[in-house]
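The structure appears below as structure tokens.
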Amino acid sequence: MVKQDHDFSAHIRKPTNVSLDTALVAEAKRLGINISRACETGLSQQIAQEHGRVWKQENAAALESSNTYVEHTGLPIAQHRQF
């Protein structure tokens, strides 16, 4: 398994053209929102979400196997729980 680094804030920036709804751009400017940073934040969140989705998909068999084991045998250290 590869550790995913979702903190892109320290990386070099690349000028990129994006098309945005004009009303969103106008409201962002009115509110003083940095559009580039807002887009970057949203993209970073989408990337993290997609990594999570892909991880779940790639590990579905192991998760199902683990869940089935616990359903049939219970938690391996359940007797040691204090609650």
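Data for the structure
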{"item": "Scattering profile of the chain at q = 0.11, 0.13, 0.17, 0.26 Å⁻¹ [log10 I(q)/I(0), Debye over alpha-carbon scatterers]", "result": "-0.58, -0.68, -0.86, -1.22"}
{"item": "Pair-distance profile P(r), taking every C-alpha pair of the stretch 36-83, with 10 angstrom steps and integer %", "result": "22, 26, 22, 20, 10, 0"}
{"item": "Sum of side-chain charges, Ser36 neighbourhood, beta-carbon under 15 Å (Lys, Arg +1; Asp, Glu -1)", "result": "+3"}
{"item": "GluC sites (Glu not before Pro) lying in DSSP loop within the stretch 16-62, provided at most 15 other Cβ fall within 10 Å", "result": "none"}
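Rule-based calculations on the coordinates, nothing more; no lab input. Just so we're clear, the structure is a prediction, and the values are computed from it rather than from any experiment. Here Cβ is always computed from backbone atoms with ideal geometry, including for glycine, and neighbour counts include all displayed protein chains.
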